[in-house]
Structure formats: C-alpha cells, structure tokens
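Before any comments, here is the structure.
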Amino acid sequence: MAIYIYDGSFEGLLTAYHEIFHSRQAPDFIETRGSFAGHLFLPVIDVQTDVKVAEFVYKGIIEKKSNEIMGQIYKVFLSEEKGFEMIVYQYLKKLGKYGINISNNILDETTQQILRICQKVGRERHRMLGLLRFQKIEAEVEMYYASMEPDFNIVGLIAPHFAERLANQYWLIHDVKRKIAAIYNRQEWIVSDFSNFQQLSLASDEKDFQKLWKTYFQHIAIQDKINPSLQRQHMPQKYWKHLTEISRESW
C-alpha cells in the first residue's frame with residue numbers, strides 16, 4: 001500500500017494510474033502535491049507527469065473501453081470532488097476485471113458514484129450554457145467577455161458550444177474562482193491561466209445595453225406571476241452576480 005501524489009493535471013493523473021497498475025502497489029490515497037500533508041507510516045510515491053505515458057493511457061482507455069468511458073473519467077476529474085482520484089481508480093480496476101459492462105451496472109457502488117458525479121457536472125454545464133452573459137470589452141479588437149464561478153471546472157466543456165455559436169466573434173469566458181479562462185480567436189479556443197487578470201472595462205455602448213436588458217428582465221413578466229423560488233431553481237443565486245439582468249442588490 002502507498003500514497004501516490006501528482007501535480008493535479010489530467011495528464012499527471014493518467015500517469016499516476018499507469019504507475020499504479022504497472023507497479024502493482026495499490027494506493028491507499030491518490031492526492032495532489034498541493035493538498036498532501038504528509039504521512040508517517042505509508043510510503044509516498046511522487047509521480048512525475050509524462051505526457052507520452054498519459055497519451056498512451058488515454059488512447060488505451062478509448063481503444064479498449066470506449067470514448068464514453070473516457071468522457072466519464074474526464075468529467076469526474078473536472079468535478080474536483082474530494083477523493084475523485086480513488087473513485088476513478090476503483091472504476092478502472094473494475095473495468096479491467098469485468099469489462100465495459102460494469103459501466104452499465106447501476107447496482108455497482110463505484111458505477112453509481114461515477115454516474116452521479118457525471119450527472120452533476122453535465123447539469124451544471126447545461127445550466128451555464130443558458131446563464132452566461134457576454135459583454136463587449138475595450139480591447140484592440142472587438143471582444144466579448146463573460147465571467148462565471150461554477151462549482152465544477154467546466155470552462156473547457158462549454159467552450160466548444162460558444163466556438164460554434166459565436167464563431168465570428170472574439171470572446172473570453174473567465175472562471176473567476178479558478179483564475180482560468182477559455183479564449184477564442186475566431187479559429188480555435190484554448191484554456192489558459194488568467195491569474196493576472198485586470199478588471200476589464202465595458203465598452204460604453206454596452207453599458208446602455210445592460211440597462212435596457214435589466215429593465216426587460218424586471219418588467220417582462222406580470223408582477224403577480226413572478227415566482228422567485230422557481231426562478232432560483234433554474235438560476236441558482238450563486239450565479240446571479242454574473243447575470244446582466246439581475247441587479248447587484250439581488251444577491
């Protein structure tokens with residue numbers, strides 16, 4: 001038994017799984033270096049990320065299992081849920097033992113955990129597609145900016161949607177919580193570190209547009225038919241500060 005630590009990247013995690021299954025030294029814990037507090041009794045294996053090994057594992061899962069399985073593993077990684085590394089490890093171990101059918105066994109505890117996490121990540125992605133509001137910002141080129149603070153690390157999951165929908169615009173989706181951003185240049189998008197973010201200024205004409213948009217939101221419905229609890233169900237209050245139509249006083 002041992003504790004495996006890695007750098008927190010997806011490539012690092014795949015490298016760690018490769019190390020685990022080839023060393024045949026089962027993990028007690030798999031943790032990131034940043035969260036590891038040390039252990040007195042168990043050996044610690046510090047896994048160094050190897051991109052080629054990670055690609056080998058990635059392709060192997062797709063070829064031997066399926067794209068769907070790989071997608072599940074990636075979503076669980078993006079969930080950042082405590083202990084997700086061990087959940088995926090147990091899933092991979094069962095996939096190796098029982099085959100791909102284990103992914104359809106809803107009575108299996110590990111499969112249940114995988115599906116539950118994937119559903120939560122998928123729901124937030126779907127919700128955020130409707131919640132994001134882009135604002136024109138002052139830049140060398142006309143660019144649109146949207147900010148969010150999702151529970152899960154989903155910026156890379158929503159970027160393809162907007163790359164298709166806003167294909168002719170420069171845009172930036174900022175995950176304020178994680179200090180990263182998806183940036184699109186009208187050809188391709190990347191996810192990049194955004195920790196040195198400086199407050200972006202709104203273009204002057206966009207400020208007038210925001211006032212109109214708030215007025216529309218507040219008066220579009222007949223007042224006695226507004227259902228605040230239903231509104232919060234579909235737009236959780238934690239997201240409201242990133243919505244143009246919700247005034248700052250509402251959160």
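The values are calculated or read from the model by the stated rules, or taken from the named source; none is laboratory data. Keep in mind that this is a model prediction, so the values were computed, not measured. Here the Cβ positions follow ideal geometry from the backbone for every residue, glycine too, while neighbour counts run over all protein chains shown.
Restricted to the stretch 51-93, and to residues there that are modelled with pLDDT of 95 or more and of a type in the set (Asp, Glu), the residue that is surrounded by the most Cβ atoms within 10 Å (Cβ to Cβ) is GLU85. Could you please let me know if TYR6 is within 24 Å of VAL121 (Cβ to Cβ), touching a Pro at 6+ places or on another chain (Cβ under 7 Å) and either in the same structural domain as GLN119 (by the TED database) or of a type outside the set (Phe, Trp, Tyr) (or both)? Considered against the rule, which asks whether it is within 24 Å of VAL121 (Cβ to Cβ), touching a Pro at 6+ places or on another chain (Cβ under 7 Å) and either in the same structural domain as GLN119 (by the TED database) or of a type outside the set (Phe, Trp, Tyr) (or both), TYR6 comes out as no. Taken together, the residues in the stretch 118-153 that are touching a Ser or Thr at 6+ places or on another chain (Cβ under 6 Å) and within 18 Å of PHE194 (Cα to Cα) amount to 2. Only a single item in (1) of a type outside the set (Ser, Thr, Tyr); (2) buried (at least 19 other Cβ atoms within 10 Å of the Cβ); (3) outside any helix (DSSP H, G or I) is not met by LEU107, and it is number (2). The set of residues from the stretch 177-193 being within 19 Å of GLU140 (Cα to Cα), in contact (Cβ under 8 Å) with a residue 24 or more places away in the chain and in contact with a strand residue (DSSP E or B) (Cβ under 7 Å, 6 or more places away or on another chain) comprises ALA181, ALA182, TYR184, TRP189. Taking the criterion of being assigned to a loop (DSSP other than H, G, I, E, B) and either under 28 Å from ASN104 (Cα atoms) or free of Cβ contacts under 8 Å to residues at least 24 places away in the same chain (or both), the only residue of the stretch 118-148 that qualifies is GLU140. A search for C-beta distances below 6 Å between a residue of the stretch 149-176 that is at pLDDT 95 or above and any residue that is polar (S, T, N, Q) and not in a strand (DSSP E or B), counting only pairs 6+ apart in sequence or on different chains, returns PHE152/SER79. Only one residue in LEU202, LEU157 is more than 13 Å from LEU132 (Cα to Cα) and surrounded by fewer than 18 Cβ atoms within 10 Å (Cβ to Cβ), so which one is that? It is LEU202.
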